[in-house]
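Taken together, the values in this text are just the output of simple stated rules run on the coordinates, not laboratory data. Here the structure is a predicted model, which is why all the values come from computation and not from measurement. Positions of Cβ are generated from backbone atoms using ideal geometry, with glycine treated the same way; all protein chains shown enter the neighbour counts.
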Amino acid sequence: MPIAVMHFFSQFPPTVSVILMGVLPIVERFALPVAVVGYKMPLLEAFTLVIISNMVPVVTISLLGEKFHIWISQHDSIFGKAWVHTVAHAQKKFLKYEKYGLIGLFVFLIIPSPVNGAFSASIVAFILGYPMRKSIPYLFAGVVVGNIVTLLLTFGAVRIF
């Protein structure tokens, strides 16, 4: 999959490609390895670009998630009803994880898996109702540590192969 991701994003300049990968769910975890190994970007430049781009959905969801939820739930459309039902269903499913709190969210983020990125963690924080002021520091720390873990695994894989 990383090769397919890199191939798709190769139509953009490397910096734009890394930023786009960093803000999109699922491929956000490939942004740093592609930047460092594929595009041969300097480590500090790649790491900074990826951290900033990973934080874009965190801040966006944190700032607009509740407003969007209130707005859409006030509309009597099919989408509004489906949204409210889906969020309520997700809240029930995530109740068992609420006991882990923000530390659990941090741990969720540092696990290097395509579905455990900043985008997903921001949605989880919204669904669990964590206030933005409390969740953003944990999300930021998780993004930084998660990318360090990804970087270590990348360099380990490059040395092995």
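Summarising the label geometry, the points placed 7 Å from Cα in the beta-carbon direction at A88 and I148 lie 4.3 nm from one another. Counting only aspartates and glutamates at least 8 places from K40 when in the same chain, those with an alpha carbon closer than 18 Å to its own are E28. Bridgeable lysines around K96 (alpha carbons under 25 Å apart, same-chain partners fewer than 8 residues away excluded): K81, K134. Axis angle, to the nearest 10 degrees, between helix 118-127 and the longest C-alpha principal axis of the chain: 10 degrees. Note on the chain: helix-only mean residue ellipticity at 222 nm, from DSSP H runs of 4+ residues weighted -39500 (n - 2.57) and normalised by residue number, equals -24000 deg cm²/dmol.
In this label model, K96 and W71 are separated by 3.5 nm, measuring between points 7 Å along each Cα→Cβ vector. Taking the C-alpha atoms only, the angle from helix 101-110 to the longest principal axis of the chain is near 30 degrees.
Note on the chain: dipole from Cβ charges, positive end direction compared against I111, M132, F94; the farthest Cα belongs to F94. Sorting the Cα pairs of the chain by distance into bins of 5 Å, from 0 upward, gives 1, 9, 18, 19, 17, 13, 10, 8, 3, 1, 0, 0 percent per bin. Given their separation in residues at 0.36 nm each and the Cα-Cα distance between them, V59 and I26 gain 10.1 nm when the chain is fully extended. Averaged over residues, the count of other Cβ atoms within 10 Å places the peptides 90-101, 107-118 in the sequence 107-118, 90-101, highest first.
The mean sequence separation of alpha-carbon pairs under 8 Å and at least six residues apart, normalised by the residue count of the stretch 2-160, gives a relative contact order of 27 percent.
Put +1 on the Cβ of each Lys and Arg and -1 on the Cβ of each Asp and Glu in the chain; which of G142, P33, F47 then has its Cα farthest toward the positive end of the dipole? Positive-end residue among those listed: G142.
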